[in-house]
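Comments concern the structure below.
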Amino acid sequence: MDNIIEVNGKTYTLQHPGLREWVKLQSDMVNVVTKKLDMEKLMDYCFEHVVFPEDGEKISLDTVDIDEYTEVWQDILPRFLRGKLESGYTFKTK
C-alpha cells in the first residue's frame, strides 16, 4: 500500500513495509518498561524504508526540520503503518 502526501510543499511517497514487517518492527521497537514505541528507532526505519521524496534528498532525524518532525512525521508515520492514513493528505507546519 503506497500513499502520496505533501508536506510543506514537497511530495513524498509512503511505501508500507507490509504487515509482517510492521509486526516485527513493533516487537523490536517497543520499550519494555513504558510499553511505547521507541520513536528514534521508528523514525530512523521509516525515513530509510518508508518515506521516499519525489525530488531531492531523503530526510532523516538529522536533517528534518524540528517543527515538521513534531507536527507531521511523528504523527502520520505510525498512523500510516497502522493503515489509518489516506493518500492525498497535505500537511503544513506553522
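For the reader, a short list of remarks on this structure follows.
- Checked across the range 27-38, the condition of being assigned to a strand (DSSP E or B), modelled with pLDDT under 90 and not charged (D, E, K, R) holds for at least one residue.
- Screening the range 50-70 for residues that are at pLDDT below 95 and not in a loop (DSSP other than H, G, I, E, B) and picking the one that is surrounded by the fewest Cβ atoms within 10 Å (Cβ to Cβ) gives Ile66.
- Yes/no for Trp73 being aromatic (Phe, Trp, Tyr), assigned to a helix (DSSP H, G or I), surrounded by 12 or more Cβ atoms within 10 Å (Cβ to Cβ) and in contact with a strand residue (DSSP E or B) (Cβ under 9 Å, 6 or more places away or on another chain): yes
- Among the residues of the range 80-94, those identified as surrounded by 13 or more Cβ atoms within 10 Å (Cβ to Cβ) and either aromatic (Phe, Trp, Tyr) or out of contact with any Phe, Trp or Tyr (no Cβ under 7 Å at 6 or more places or on another chain) (or both) are Phe80, Leu85, Tyr89, Phe91, Thr93.
- Selection count where residues are in a loop (DSSP other than H, G, I, E, B) and in contact (Cβ under 8 Å) with a residue 24 or more places away in the chain, scope the range 10-20: 2
The values are calculated or read from the model by the stated rules, or taken from the named source; none is laboratory data. If you're wondering where the values come from, they're calculated on a predicted model, not measured in any experiment. Here the Cβ is made from the backbone with ideal geometry for all residues, glycine too, and neighbour counts use every protein chain on show.
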